[in-house]
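Read-outs: derived from the displayed coordinates by stated rules, not from any lab. This structure is a prediction, so every number in the text was calculated from the model and none was measured. Reconstructed Cβ throughout: ideal geometry from the backbone, glycine too, with neighbour counts over all protein chains shown.
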Amino acid sequence: DSFKAVAAKIDKAFEKFGVEKFGEKGEDFDPTKHDAILHKPDPNAEKETVDTVVEAGYRIGDRVIRAARVVVVSPQA
């Protein structure tokens, strides 16, 4: 897959400059680093968690350059 090869090269170049890619399914939702584009109620959810990563986020150290765009599952009220 040529697209995956190019994406891997870009990620490697970012790493050289200290830019870290983040955003994983299942991690706790954090509004300081995630941009929730959709909230889905889930009767089995105990807390807000990332269900789908639409676009990965990027940071340098603790500074978020771009928030990860995510779909979040939330406990039903």
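Annotations
- Order of Lys12, Lys21 - criterion: other Cβ atoms within 10 Å of each residue's Cβ, fewest first: Lys12, Lys21
- Whole-number percent relative contact order across the chain, with pairs defined as alpha carbons under 8 Å at least 6 apart: 34
- Answer label for volume of the Cα convex hull per residue in Å³ (calculated), chosen among (1) 112; (2) 103; (3) 93: (3)
- Here the stretch 32-64 is scanned for amide nitrogen atoms under 14 Å from the site 7 Å beyond the Cα of Glu20 along Cα-to-Cβ, giving 33, 57-64.
- The chain: Lys pairs at Cα distance under 21 angstrom, eight or more positions apart or on different chains: 11
- Selected from Pro31, Phe14, Thr49, residue furthest toward positive end of dipole (the stretch 1-50; charges at beta carbon): Phe14
- Residues in the stretch 27-42 reached by a label modelled at Ala7 [backbone nitrogen below 12 Å; 7 Å Cα→Cβ]: none
- Positive minus negative residues near Asp11 (Lys, Arg vs Asp, Glu; Cβ under 12 Å): +3
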